[in-house]
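Colleague: This is the structure I want to talk about, given as C-alpha cells.
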Amino acid sequence: MLAACVAMAFFASWISPGRRLNDMPFDWMAQPSTPSASEAVVVAIDDDTLGSQGGMHEIRSILAAVIDKVNAAGPAVVVDDVLLADETPDHEGNAKLEDALRGTRNLILPCDLVLRDGTVAWELPLPRFAQFAVALGHVHRDQTDDANRYAPLREVAQGGERWALAVEAYQAAHHLMRTLDPDEVQMGDRAIPAPDPARLMWIRYAARAIPVIPANRIDQNRDALRGKAVFVGVTAVGAGRDRPLTPLGEIYGVTLHGYIYDTIAQGPFFKPVRNDVELFVCIALAAAAGFIFQFRSGWQAYALAVLVLALAVWTPFEFFRFNRIFPFFEPVGVAWLSIAFAATFQHFFVRRQLSKSESERTRYQQALHWAAHEMRTPLTAIQGSSEIMTRYQLPEAKRHELSAMINSESKRLARMIQTFLDVERLADGQMEMKREPFAAAELAETCLKRAEPIAERKKTRLFLDNPVDGTITGDRELMEYALYNLLTNAIKYSPPGTEVHVSGVFNAGELRLSVHDQGIGMDEKELKNIFKKFYRTKRAEASGEKGTGIGLSIVEQIVTHHGGRMEVTSEPGRGSCFTMIVAAAVPAATSTRNAETFDRRR
Ligand code: ADP
C-alpha cells in the first residue's frame, strides 16, 4: 500500500497541478535579497525615451543614440536585445545604427527561432549589423516552463546551434572559451550544471535585483554601467508587450537576460537532485509513516505523523538552501498519502482486532455459563445421594444403588468436562480432532441406549428404523455427543405419547443420520436461528423444557469439523427432522481394520 502511495504521488507530480506545486519552494525563495552589485545592468528604452524621440518608427536611430551613450560609459560588453532582422525604409536610422555598432567593443546581437516553411530556423540580424558583433546569442525561452525558472542555454535549429545571449555576453566580457561535457557547460572557473541535450540552467533570481536604467538617464548613471554587461532593450508598453512571467512576477524581457547573465557570473548554480535521491527520500517518508502507525497509536502516532509531514514540507526548502532543486509535490504527496493510508489501515485493523477479542470474550463467557449449567444436574445427584448415604442407615442394596449412581454421575460429569474442553479447543483451532474409524451403527445404538431412560420418563418411544450402515472416520466421543444431543432434544420438545425415530441412509459415500420427532416443531424463521448460540424458540420456552440454547451450535460445529453438514426440516406442531450428513465408507469394501470394527459391532 505504501509503495502504491509513492507511485501515486510520483504519477500525480507529472500532471499539471502537481508540476506547479513542485516549483513552490523555488518561487517562494526567489525574492532578491541585495538590490545592486549585479554584473548585469539593463538600459531600458522606456515609454518616455520612445515617446520623446518619435516612437517605434525611429527605433534604429534611438537605439543608435542609446548605444553611443552606453559606449561612452565604458561597459565590458554591450548586449542588444532589439531584433535587427528586418529591412526598414529608415535609411538614416540604419546608417546611424551601423555607425554606433561599429564603434562598440564586445557587441552581442540577438537572434531568435522562427518557423519558416514548416521548419524551425534562425532569424539573424541583417549582415550590415551582424558584421560588428563578436557573437550572436539566442533570446529563446523554454516553452514548457510557465515562469522561466530555467533558461535553455543552447538551441538547435536549421542553420546550427546558438547559445543564449547571456552566455555569449559572459564569454565576451571575460574573454573565455566554452567547453562542454555531458552534464556541464564550463566557462573559465564557472561550471554550469546544464546537462545535454536541453542544456537547461536554473536562473538564480534570489541573489540580487538587476538594476534597470532608463535610456534617457544614461549620462547620470555612467558609473553604474562602467565595466558591466549592459543589456539594451525596449521596455515601452507601446512596443509590444514582452513581459515574461518569473517567480518574481512579470519582468521585462531584457531583464530576464540580465538574470541569466547574473546567474552565470555570480553562481552558485542550482542543480536538480538526482532522481534516485528523490525516490529514496520519498520511500523513507512512506516508510516512516508506516512505522509510526505500526508501532504507535492515538495522539502519539498523529503527533509523529505531523512531524513527518513537516519534514516532507521542509525537505525541498532545505535542499534549496544547498542549491539543490528538490520537487515539492512528491515528498509532500507521498507523506500525505502514506499517513492517510497508514492511519486508515491502523484504524480498521485495530477495530477488527477489538471486535474479534470482544466476540471471543463473550463466546468464552457463554461457554462457561453453559458448562456451569450442564454440570449442575449430575452434581445435584451426587450431592443428594452422598448426603442420604451419610445421614441415614440404609439397607445394603440401597447403598449399593446410590453409590452406583454417584459413580455413573461423576463419570458423566468427567465426560461432560472433557466434551466441553474438546469443543472449546476445536472452536479455537487448538485441537486436532481425533481421526479414527468407528461404526455408525454402534454410535446410533449407544445413543439410543443412553437416551432410553429420558424417553421413558417422558413417555416417548424410541425407534431405530433401519440397520445403520457405514464407517465414519473422526472423533467418536464428539459424534456421540452430537447425536445424543439431537435425540434428547427430540424427546425434550415432544409431548408424551409421541415417537422418535432414528434412521441411517448410506448413499454415495455419505451417511445421512436422521432423528425424527412428532413434537412442537419450528417455523421457517426459527429454523434459521437454531444453530446460533443461546437461541431458543418461543415455542421451546413455552413448553416449559429447560435448556441453554447451546447444544445445537456445538452439534453443528462438530459435524462441520467432520467435513459434514446439518439439514433440518420442521413444521410447527408436526415435528422436526434433524439430519447429520457426514462422509462414510462401506466397511467391507474399505480396509480390514474397518471390517474388524464392523464385526465387533455384530
Ligand atoms: P436447548 O435445547 O438447550 O434450548 P439447543 O441448542 O439444543 O438448546 O436447541 C436450540 C433450540 O432449538 C431449542 O431451544 C429449541 O427451541 C429448538 N429445538 C431444538 N431441537 C428441537 C426439536 N427437536 N423440536 C423443536 N425445537 C427444537
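The values are calculated or read from the model by the stated rules, or taken from the named source; none is laboratory data. Here the structure is a predicted model, which means the values were calculated and not measured. Ideal geometry is used to build each Cβ from the backbone, glycine not excepted, and the neighbour counts take in all protein chains shown. Only protein heavy atoms, including side chains, enter the accessible area calculation; ligands, DNA and RNA are left aside. Shrake-Rupley method; radii C 1.70, N 1.55, O 1.52, S 1.80 Å.
Colleague: Can you list the residues, at least 5 places off or on another chain, whose amide H is less than 5 Å from the amide H of residue 474, using H built in the peptide plane?
Modeller: 436, 438
Colleague: What ³J(HN,Hα) values, in whole Hz, does the Karplus curve 6.51 cos²θ - 1.76 cosθ + 1.60 give for the range 384-393 when θ = phi - 60°, with x put for Gly and Pro?
Modeller: Karplus-based 3J(HN,Hα) across the range 384-393 equals x, 4, 5, 5, 4, 5, 7, 7, 10, 7 Hz.
Colleague: Which sequence of 446, 235 reflects their accessible areas, 1.4 Å probe, from the largest down? Mind dumping the intermediate values first?
Modeller: Values: 446 40, 235 10 Å².
Result, largest first: 446, 235.
Colleague: With a probe of 1.4 Å, find how much accessible area the range 165-294 has per residue, and write the answer as a whole number in Å².
Modeller: Numbers: 5550 Å² over 130 residues.
Roughly 43 Å² per residue, with all protein chains present.
Colleague: Ok, one more. Identify the GluC sites (Glu not before Pro) of the range 50-123 meeting these criteria: DSSP loop state and at most 16 other C-beta atoms within 10 Å of the C-beta. Could the numbers behind the result be given before it?
Modeller: Values: sites: 58, 87, 92, 98, 123; in loops: 87.
In loop regions of the range 50-123 (DSSP not H, G, I, E or B), the sparsely surrounded GluC sites (Glu not before Pro) are 87.
Colleague: Helix 476-492 versus the longest principal axis of the chain: what angle, 0 to 90°, nearest 10, using Cα atoms?
Modeller: 70
Colleague: Let me ask another. Out of the total accessible area of the chain (probe 1.4 Å, heavy atoms of protein only), what percent is carbon and sulfur? Walk me through the numbers before you get to the answer.
Modeller: Working: 17200 of 30840 Å².
On the chain, the fraction of accessible area on carbon and sulfur atoms equals 56 percent.
Colleague: Among the lysines, select those whose C-alpha is under 19 Å from the C-alpha of residue 533, and discard any that sit fewer than 8 residues away in the same chain.
Modeller: By straight Cα distance, residue 533 reaches 356, 492, 525, 546.
Colleague: Next up: Using a ≥ b ≥ c from the Cα gyration tensor of the range 124-272 (square roots of the eigenvalues), is it rounded, prolate or oblate, where a/c under 1.5 gives rounded and otherwise the larger of a/b and b/c decides, a/b for prolate? Don't skip to the answer; put the middle values down first.
Modeller: Values: a/c = 1.35, a/b = 1.25, b/c = 1.08.
Verdict is rounded for the range 124-272.
Colleague: While we're on this one: Which of the GluC sites (Glu not before Pro) across the range 415-475 are loop residues per DSSP, with 14 or fewer other Cβ within 10 Å? Don't jump to the answer; show the numbers that get you there.
Modeller: Working: sites: 424, 432, 442, 445, 456; in loops: 432.
Taking the range 415-475 and a limit of 14 other Cβ atoms within 10 Å, the loop GluC sites (Glu not before Pro) found are 432.
Colleague: Taking +1 at the Cβ of each Lys and Arg and -1 at the Cβ of each Asp and Glu, which of 76, 22, 114 sits farthest along the dipole of the chain towards its positive end, judged by Cα position relative to the Cα centre?
Modeller: 22
Colleague: Straight-line reach only, C-alpha to C-alpha below 12 angstrom: list the aspartates and glutamates that residue 434 could link to, leaving out same-chain residues fewer than 8 apart.
Modeller: The reachable aspartates and glutamates, counting only those whose Cα sits under 12 Å from residue 434, are 422, 475, 477.
Colleague: Which of the aspartates and glutamates could a cross-linker span from residue 96 if the Cα-Cα distance has to be under 12 Å and same-chain partners fewer than 8 positions apart are dropped?
Modeller: Counting by Cα, and skipping residues close in sequence, residue 96 has these aspartates and glutamates nearby: 58, 68.
Colleague: Only four residue types carry charge here, +1 at the Cβ of Lys and Arg and -1 at the Cβ of Asp and Glu. Report the dipole size of the chain about the Cα centre in Debye, rounded to the nearest 20. Kindly include the intermediate steps, with their values, before the conclusion.
Modeller: Details: 67 positive and 73 negative charges, 696 e Å.
Using only the charged Cβ atoms, the result is roughly 3340 debye.
Colleague: Ok, one more. Of 305, 101, 138, which is farthest along the charge dipole of the chain in the positive direction, counting Lys and Arg as +1 and Asp and Glu as -1 at C-beta?
Modeller: Working it through, the farthest residue towards the positive pole turns out to be 305.
Colleague: Place +1 on the Cβ of every Lys and Arg and -1 on the Cβ of every Asp and Glu in the chain, take the dipole about the Cα centre, and give the residue among 494, 37, 347 whose Cα lies farthest towards its positive end.
Modeller: It is 494.
Colleague: Report, in whole Å, the centroid distance computed from the Cα atoms of the range 47-126 and the range 360-382.
Modeller: If we compute the Cα centre of each part, the gap is 105 Å.
Colleague: Rounded to whole Å and sorted largest first, what semi-axes of the equivalent ellipsoid does the C-alpha gyration tensor of the chain yield via the square root of 5 times each eigenvalue?
Modeller: Here the semi-axes work out to 104, 24, 20 Å.
Colleague: Next up: At 1.4 Å probe size, what's the solvent-accessible area of residue 389? Round to the nearest 10 Å².
Modeller: Taking all protein chains as shown, residue 389 has close to 40 Å².
Colleague: Looking at the square roots a ≥ b ≥ c of the eigenvalues of the Cα gyration tensor of the range 63-115, which shape do they give, rounded for a/c under 1.5, prolate if a/b is larger than b/c, or oblate? Before the final figure, lay out each step's value.
Modeller: Details: a/c = 2.76, a/b = 1.27, b/c = 2.17.
It is oblate, given that a/c is not under 1.5 and a/b is not larger than b/c.
Colleague: Would you grab the residues whose amide H sits under 5 Å from the one on residue 138? Only those 5+ places off in sequence or on another chain, please, with H modelled 1.01 Å from N.
Modeller: Answer set, sorted by chain and number: 111, 163, 164, 165.
Colleague: Under the rule of -39500 (n - 2.57) per DSSP H run of 4 or more residues, summed and divided by the residues of the chain, what mean residue ellipticity at 222 nm is obtained, to the nearest 500 deg cm²/dmol?
Modeller: Taken over the chain, the calculation gives -16000 deg cm²/dmol.
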